[in-house]
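Some notes on the structure that comes next.
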Amino acid sequence: MTNYCLYYLPKSNDPLSDVLVIYFGENKVVTNKTTQNGIDIYLNNLDIIGFAIPEFSKTCKIKIFGTIFLPNDKLIDVINSILDNASLPTLEYKNKSGFTIGQVDSVEVLENKMFLYKINIGTEFIYSESSYVLEKNHKVVVALNGTYILPAKMITSYNIKENITSGGRICNFEDLQINMPKQNMPVLVDEDLNVGRDFFMMEEKVYAWNWT
């Protein structure tokens, strides 16, 4: 499997905690589930859309709560070993997260009080509709189409206006699981960072916002 999302709930007093969720349902909802060799299998009707590995800390201890945006190869090795032992499909390694640094190229005000942004992501220009007030040359983090921002929420393309479709979502701090006073503000990154760079492959994630 290539396009999936990993989400971990650390061990707590909640009996449903300490579980690693693997979702690949592309926004399909879970209608029922079954179990195979200790692994929960999430279904949408007859389609398999995800797995859940309970008591994950007994096999691998990870210090994270929520989405694992760019899992390293060692973690995928551990997960694949568990899935393989349960005779379930394994995961492919990830070399990018889908969260890309883009630069605002142009701004258009839409009739619904939203803004249409043309964004340079290095290899191409994409469009994104947002209520955030941004200026030309602002650098932002964009979740490209096909990227999961939550376990069961994948960014997909839609028509913004005639002949223009969305290429991704301009991310706020909550989307990236960054604890900031105003979670719903867009993430503006340092102007020196390269357009097209993967946000979660950076050694240091430099971002700023004028809170006043």
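The values are calculated or read from the model by the stated rules, or taken from the named source; none is laboratory data. Here the structure is a predicted model, which is why all the values come from computation and not from measurement. Neighbour counts are summed over all protein chains in view; Cβ atoms, including those assigned to glycine, are modelled from backbone coordinates with ideal geometry. Note: accessible area is taken over every heavy atom of the protein model, side chains too, but ligands, DNA and RNA are not part of it. Shrake-Rupley method; radii C 1.70, N 1.55, O 1.52, S 1.80 Å.
Among the residues of the stretch 72-82, are any modelled with pLDDT of 95 or more, open to solvent by less than 10 Å² (accessible area, probe 1.4 Å) and either of a type outside the set (Asp, Glu) or out of contact with any Asp or Glu (no Cβ under 7 Å at 6 or more places or on another chain) (or both)?
Yes, the stretch 72-82 has at least one match.
What number of residues within the stretch 51-69 are open to solvent by less than 50 Å² (accessible area, probe 1.4 Å) and either in contact (Cβ under 8 Å) with a residue 40 or more places away in the chain or in contact with a His (Cβ under 9 Å, 6 or more places away or on another chain) (or both)?
7
Out of the stretch 162-188, which residues are touching a strand residue (DSSP E or B) at 6+ places or on another chain (Cβ under 7 Å), over 16 Å from Ile149 (Cβ atoms) and open to solvent by 60 Å² or more (accessible area, probe 1.4 Å)?
Thr165
Table: residues versus (1) open to solvent by 50 Å² or more (accessible area, probe 1.4 Å); (2) at pLDDT below 95.
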residue: Met1; (1), (2): yes, yes
residue: Leu6; (1), (2): no, no
residue: Pro10; (1), (2): no, yes
residue: Leu16; (1), (2): yes, yes
residue: Ile41; (1), (2): no, no
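Just to be sure, is Ala143 open to solvent by less than 30 Å² (accessible area, probe 1.4 Å), among the hydrophobic types (A, V, I, L, M, F, W, C), in contact (Cβ under 8 Å) with a residue 12 or more places away in the chain and under 15 Å from Met201 (Cα atoms)?
Spelling it out, Ala143 is indeed open to solvent by less than 30 Å² (accessible area, probe 1.4 Å), among the hydrophobic types (A, V, I, L, M, F, W, C), in contact (Cβ under 8 Å) with a residue 12 or more places away in the chain and under 15 Å from Met201 (Cα atoms).
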